[in-house]
Each structure stands twice: as C-alpha cells, then as structure tokens.
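The values are calculated or read from the model by the stated rules, or taken from the named source; none is laboratory data. In this text, all values refer to a predicted model and were calculated from it rather than measured experimentally. Neighbour counts are summed over all protein chains in view; Cβ atoms, including those assigned to glycine, are modelled from backbone coordinates with ideal geometry.
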Amino acid sequence: MGNLAEHRYRDHLHAVILAGGVGRRLWPRSRNALPKQFLDLTGRGTMLQESYVRIAPFIPAERTFVITNARYLPLVRRQLAVLPASNLIGEPVGRNSAPAIGLAAIHLQRQDPDAIMAVLTADHLIERAERFRQALLAGAALAEQDHLVTLGIRPTGPETGFGYIERGEPLGEWDDFQAEKVLRFTEKPDAGLAREFLTSGRYVWNSGMFVWKVSRILGEFQRQMPKLYQQLGQITAAFGTPDEEEIFHRVWLNIEKQSIDFGIMEHAQDVVVIPVDIGWSDVGSWATLYNALTKDINNNIVQAQHIGVETSGSFIYSDIPERLIATVDVRDMVIVDTRDALLVVPRQQSQRVRAIIERLEKEQRPEFL
C-alpha cells in the first residue's frame, strides 16, 4: 500500500489511552491512590508518560485523550500537562473497558465524526516504539476499510495470564504487516491449552489494543450492547447543556460492568488481527517487570541502596533513600520496600501477591491498599 504516512486517514487518527486500572499485582508500590500507570518503574518516566511519548511523533496532543477514574484526573493533569483539559475524561466509577471505550468514542465523535480511534493502554511496556507506531498506521489503514483491528502479540511461551486470538485467513500486507481475519477469542486458558495454542502457531496474545472507526465501534455497541448504547446516547444528548455533568453521573452509575472482549469483540463482525513483535510486556507482576528490565552482572535489578553477598536473579527496590537493604545467599527473590509495607516473595511466585490483597480486603485494612 506504499507509505502509510501519506494517507489522509492519518489526519483523523486519534489516540485513547485507558488509564483507570489499579495494578494491584505490583503491590506494595501500586496502590489505590497511586496505581502503576502513574509510577516510574523503568527510570524513563511514568508508564502513562511513556504511553504518550510513544505516540506523540504522529498523533498530536489535541487528538490524544485519556480516560481514567475521576479521582486520578489531577495525576493525569500533572503528568501530561500538554494535553487539553477537555481531552481528559474522568469516570465517576470504574465500569471496565467496554463502557470506558464507549464513553471515549462519543467524545471523539463530537470532535471529529470521521475519527479513527486507537485504543491504547497506560500500563504496558513497549520497547520497539517505532515499530509500534508503524503497526498503528497499518491498523488505521485497515480501520478505514471498516475493519475492527486488534494488535496481537506473538507469544513467547505458554502464558496462562493472557487472552489468545486464533488467526485465520490472510488479508494481505500493509507496510510489511500481515493482516489476518480473527477466528475466535479465547480468555485465559489453562496450562495445557496454552501449550497447545503455542505449538499450533495459529495464536497470538490479546494485547487489549485496538484500532477502528468511531462510527464502526458505536455500530457494534448498538448491535451487541443496546442498553449501553442507549445510555451513551443519553450522555451524548446532554453534551453542552447545563445538566451535562449531572446527567453523566446519574447515567454512569447505572451502567453495568463489562469488558470490551466479552461485550463486543467475541461476537463482532469483520475483526482483523495484526500480529506484531514490539517488545511488549503487560507488567502484570513483579516477575514480568523483572523480565522486561535490564539486569546487572548478577542478574539482579536493584533500585535501592543494596549490599548483596551471593545474591542473584532478584528484584530489589526501596522508596526510602536512606534505607540499606542487605542480602546474603538470596536467589530469585522480589524484595519491595515502601514506607509502610515490605514485600518478600520468590520471583516466580509473585503472582500470588493477589493473596495479600485479598487478606487486606478481608481484614478491612484499606490504609495498605
């Protein structure tokens, strides 16, 4: 198709960064008051800031939106001061990804009826930024033809923590990206099924990133989630009126929680996947963050004052500059020290941090959440 940057749809490409999650598997750093997307985990800026920097070369600030919980709007304003205030959308309460994407879609439609919407994440790492941008432009080219486009991550192992997408018939190449029809989405499989998926070579991981026309996705909401579509219509009708804020809050509190995968994608028409290799990590645990970052000579990642004797393969962090962490004969551990909590867990068991969260909730200790 030639140089995608020359095509007119580039001028209609908008970014929507979803930034409302809590990221509890990175406890005790990620908390309700300061979730992981607002943390600097890499030394390059916060994850939200990195998400914006990746797209800034080809999607300007006036076409970049962030949707988050209303309580986090001050954080977003501080970290992305370049964005227009009107492009920061605060949900009164979280309602999962389908309502959030629908809410962003009606705001984009108001700004540009011909908008193409790239749905992105605020809490993933992507090391190959230029390749990622090229993939989004390829996705925009496909979206212009009324496809619903998702980016699929080429799997590197039989992961059970991700959803999978089965690839079907090839549709051709867009700037050396192969586009393929989607046969089906499968939610997080067990270990045996994940191994089968990996061996078959027909599956990619579901990245949760999408590209589509706003008109096209709203059509799917109308067809598949008519109640939500009607509620979004009530919010749209109130735009610019004195009652806009009151109606938005009232309607939003009655919206049901639903993910975009269950609510739309699993039964959507004409879905296309672009398999990509972009150095992607969902940073879903301390182990995945460890895997994504550069290690020292002992395969440690140290973000603290540290003296280690026979210490290797470990992630060691403290947010207390004057604290010294000393370790002896420690291997493959995660040690995360904050001012009010200390986590020590074997690196390969770091997913079990969720058990700590469950205990804190059960024991009603919100000061640690």
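Would you check which residues across region 145-180 are part of a loop (DSSP other than H, G, I, E, B) and either basic (Lys, Arg) or within 21 Å of residue 200 (Cβ to Cβ) (or both) and list them? Result: 154, 155, 156, 157, 158, 159, 160, 161, 162, 163. Note on region 136-167: residues that are without any contact (Cβ under 8 Å) to a residue 60 or more places away in the chain and under 18 Å from the mean Cα position of the chain (by Cα) total 4.
For every residue, the table says whether it meets (1) more than 13 Å from residue 122 (Cα to Cα); (2) in a loop (DSSP other than H, G, I, E, B); (3) not charged (D, E, K, R).
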| site | (1), (2), (3) |
| --- | --- |
| 45 | no, yes, yes |
| 48 | no, no, yes |
| 52 | no, no, yes |
| 58 | yes, yes, yes |
| 76 | no, no, yes |
| 81 | yes, yes, yes |
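Here region 328-362 is the region considered, the condition is being of a type in the set (S, T, N, Q) and surrounded by fewer than 18 Cβ atoms within 10 Å (Cβ to Cβ), and the residue that is modelled with the lowest pLDDT is 351. Of all the numbered requirements in (1) in contact with a Gly (Cβ under 7 Å, 6 or more places away or on another chain); (2) of a type in the set (A, V, I, L, M, F, W, C); (3) modelled with pLDDT under 95, residue 225 misses one, and that requirement is (3). Of all residues in region 87-134, those satisfying the criterion of being touching a strand residue (DSSP E or B) at 6+ places or on another chain (Cβ under 8 Å) and free of Cβ contacts under 8 Å to residues at least 60 places away in the same chain are 87, 88, 89, 90, 107.
For residue 179, indicate whether it is over 30 Å from residue 348 (Cβ atoms), within 20 Å of the chain's Cα centre (by Cα) and in the same structural domain as residue 263 (by TED's automatic domain parsing). Answer is no for this residue.
Just one of the numbered conditions (1) in contact (Cβ under 8 Å) with a residue 60 or more places away in the chain; (2) small (Gly, Ala, Ser); (3) crowded, with 20+ Cβ neighbours inside 10 Å is not true of residue 21: (3).
Applying the condition of being farther than 30 Å from residue 137 by Cβ, crowded, with 16+ Cβ neighbours inside 10 Å and of a type in the set (A, V, I, L, M, F, W, C) to region 225-246 and asking which residue is nearest to the chain's Cα centre (by Cα) yields 235. Candidates are the residues of region 72-86 that are closer than 14 Å to residue 37 by Cα and without any contact (Cβ under 8 Å) to a residue 24 or more places away in the chain; the one that is surrounded by the most Cβ atoms within 10 Å (Cβ to Cβ) is 73. If you go through region 83-117 and pick out every residue that is within 20 Å of the chain's Cα centre (by Cα) and outside any helix (DSSP H, G or I), you end up with 12. Only a single item in (1) surrounded by fewer than 16 Cβ atoms within 10 Å (Cβ to Cβ); (2) assigned by TED's automatic domain parsing to the domain that holds residue 34 is not met by residue 255, and it is number (1).
Can you find, within region 339-356, the residue that is nearest to the chain's Cα centre (by Cα) among those that are part of a strand (DSSP E or B) and closer than 17 Å to residue 368 by Cα? Only one residue tops the list, namely 343. Among the residues of region 206-224, none is identified as touching a helix residue (DSSP H, G or I) at 6+ places or on another chain (Cβ under 6 Å), surrounded by fewer than 20 Cβ atoms within 10 Å (Cβ to Cβ) and not polar (S, T, N, Q). Suppose we keep only residues that are of a type in the set (A, V, I, L, M), over 27 Å from the mean Cα position of the chain (by Cα) and part of a loop (DSSP other than H, G, I, E, B) within region 269-322. Which one would you say is farthest from residue 156 (Cα to Cα)? Checking each candidate, the answer is 320. Within region 126-144, the residues that satisfy the criterion of being over 14 Å from residue 52 (Cβ atoms) and not in a helix (DSSP H, G or I) are 127, 128. Please go through region 6-28 and pick out each residue that is in contact with a helix residue (DSSP H, G or I) (Cβ under 7 Å, 6 or more places away or on another chain) and over 23 Å from residue 117 (Cα atoms). Those that are in contact with a helix residue (DSSP H, G or I) (Cβ under 7 Å, 6 or more places away or on another chain) and over 23 Å from residue 117 (Cα atoms): 23, 24, 25, 26, 27. Scanning region 234-267 for residues that are closer than 15 Å to residue 95 by Cβ and β-branched (Val, Ile, Thr) turns up 235, 251, 255, 260, 264.
For region 290-300, the condition holds for at least one residue, the condition being that it is crowded, with 17+ Cβ neighbours inside 10 Å and in contact (Cβ under 8 Å) with a residue 24 or more places away in the chain.
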